[in-house]
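The values are calculated or read from the model by the stated rules, or taken from the named source; none is laboratory data. Only a predicted model underlies this, so the values are computations on that prediction, with no experimental measurement involved. Here Cβ is always computed from backbone atoms with ideal geometry, including for glycine, and neighbour counts include all displayed protein chains.
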Amino acid sequence: MANDLSPTDLSAVRRPLPQAQGLPNAHYTDPAVFEEEKHALLFSQWAGLAVGADVPQPGDAKPISFLGVPLLLLRDKQGQVRVFQNICRHRGMILVEEPRKIEGAIRCPYHSWCYSTEGRLVSTPHVGGPGQNLHPGIDRSTLGLIEVRSHIWRDVVFVNISGEAPDFEVMHADLIARWAEFEQPLFHGGADSRFELAVKTNWKLAVENYCESYHLPWVHPGLNSYSRLEDHYHIEQPGAYSGQGTLVYRQLTGDDGQTFPDFKGLGEKWNEGAEYVSLFPNVLFAVQRDHCYAILLEPRGLDETVEHIHIYYPSADTDPALRRKNTELWKGVFIEDIGVVEGMQRGRHAPGFDGGRFSPAMDGPTHLFHDWVAAQVEAARARSA
Amino acid sequence: MKGLDARLLAAHEAGDKSALVTLYQQAAKEAETEDAAGFFLVHAYVFALESGHRDAPALRRRLVALKREE
Ligand code: FES
Ligand SMILES: [Fe+2]
């Protein structure tokens, strides 16, 4: 059990890979540790919240509850995506209940204070008495919506709830540089290129499973024929991300031999290369010559995670049938993973499980994530000590 | 023709912002005191603001002139 008095022992996790153990059970089963990790791993980091494609037009608004925090994703009238706390500065009422378009201003449903899409408080009806919208005690310039620090990369809207993380571009400079060639317009494939999977597992197990290629021939035998284990390599950037690359990526072809267009100007390496990276804490990315995807892991609870999958193409104009085929292909792969991430979650209830022993050859990327988790949790404990 | 009150209620019921802007302006016009008119103008303005109605800027100017808005 972990609580304020007896924090989990992470020393075995911090050992070098050949001697290390995985994270203790409590990190998957104990509500107190979930609460501790919520702050250390999600609120103090840059966590993936949504995608820009969720709010395609100026004025589009989408309320999102992130680990219980009521947020509002909004594309302002200028076209900039912003994230606010979804509450009124008057009595803390929830402002927007359903995804919708803000035509003019956001009007609070309680006493009708109005906010611009940039978050400015623009009117305070009857605040000085009936028919009087002014009062010397109400300084609108100090009562705008509370904006949450956000950053968009590869269309993913990242938020830093604590407001204290280093800038996203500083924190993730390495992956940004690694994939600089893919820094070009991404076109969300639309309704046929997004889906959700609800999984009964702790979100971290989905990260861990995504990092590694060890399971591919067993869990995804269908992938095996064109993606053998020895054609994969580890991707390891301590403190930021880990994953796997393949040397034998093959483009999807349609029934009539059609393919998706390629991203422009990619180097040779990407003709048959592709990379799959877990960007800590909760976003799983893929880059390939002809399409990319992002999976946002939404932690709903200790053993409840929703995977939000979004597939992107190099062009706004791609073949719908081929797109659907591609979505079905990936959905099949991700569904194959559900059994193992749910099984590992149930396995974490075995008393005395020591976190498991890693394959020194194959589990480097997984251990790298565990080590990151342990380091963040220890740092948070040190801060609060 | 239904009375103004009934039409206002119906517009609230239907969430018809454009009708609310019009009807509250009419209520302001028919009001007997400046305070009562101000009250209705505030409502017309708020619904205009919310819905991006073309009358919003003019309503705001009127309220500002009455020192009821900034
Ligand atoms: S709570 Fe929003 S206006 Fe009162
Ligand atoms: Fe997998």
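The table below gives the values:
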{"read-out": "Hey, B:V64 part of a helix (DSSP H, G or I), at pLDDT 95 or above and in contact with a His (Cβ under 9 Å, 6 or more places away or on another chain) or not", "value": "no"}
{"read-out": "Number of positions in the stretch B:1-46 that are more than 14 Å from chain A (Cβ to nearest Cβ) and either over 17 Å from A:G131 (Cα atoms) or surrounded by fewer than 18 Cβ atoms within 10 Å (Cβ to Cβ) (or both)", "value": "18"}
{"read-out": "A:Y110 vs. criteria outside the structural domain of A:Y241 (by TED's automatic domain parsing), away from ligand 2 (no atom under 16 Å from the Cβ), out of contact with any strand residue (DSSP E or B) (no Cβ under 6 Å at 6 or more places or on another chain) and aromatic (F, W, Y)", "value": "yes"}
{"read-out": "Matching residues in the stretch B:9-33 - criterion: being more than 11 Å from B:F47 (Cβ to Cβ) and of a type outside the set (K, R)", "value": "B:L9, B:A10, B:E13, B:A14, B:Q26, B:A27, B:A28, B:E30, B:A31, B:E32, B:T33"}
{"read-out": "Residue list for the stretch B:47-68, filter: at the interface with chain A (Cβ under 7 Å from one of its Cβ atoms) and under 21 Å from A:P136 (Cβ atoms)", "value": "B:L63, B:R68"}
{"read-out": "Qualifying position, being within 30 Å of A:A375 (Cα to Cα), out of contact with any Phe, Trp or Tyr (no Cβ under 7 Å at 6 or more places or on another chain) and surrounded by fewer than 22 Cβ atoms within 10 Å (Cβ to Cβ), among A:Q237, A:Q258", "value": "A:Q237"}
{"read-out": "Condition met for A:Q244 (out of contact with any strand residue (DSSP E or B) (no Cβ under 6 Å at 6 or more places or on another chain) and either assigned to a strand (DSSP E or B) or in contact (Cβ under 8 Å) with a residue 60 or more places away in the chain (or both))", "value": "no"}
{"read-out": "Meets criteria (touching a residue at least 12 places away in the same chain (Cβ under 8 Å) and either outside the structural domain of A:S213 (by TED's automatic domain parsing) or not in a strand (DSSP E or B) (or both)) for A:D290", "value": "yes"}
{"read-out": "Residue match in the stretch A:345-354 (condition: in the same structural domain as A:E212 (by TED's automatic domain parsing), crowded, with 23+ Cβ neighbours inside 10 Å and either within 16 Å of ligand 2 (Cβ to nearest atom) or assigned to a helix (DSSP H, G or I) (or both))", "value": "no"}
{"read-out": "Hits in the stretch A:62-92 - residues which are of a type in the set (A, V, I, L, M), within 22 Å of the chain's Cα centre (by Cα) and within 16 Å of ligand 1 (Cβ to nearest atom)", "value": "A:L72"}
{"read-out": "Yes/no for A:E275 being part of a strand (DSSP E or B), under 28 Å from A:F34 (Cα atoms) and either in contact (Cβ under 8 Å) with a residue 40 or more places away in the chain or assigned by TED's automatic domain parsing to the domain that holds A:E342 (or both)", "value": "no"}
{"read-out": "From the options A:A50, A:A61, residue that is part of a strand (DSSP E or B), more than 14 Å from chain B (Cβ to nearest Cβ), touching a strand residue (DSSP E or B) at 6+ places or on another chain (Cβ under 6 Å) and small (G, A, S)", "value": "A:A50"}
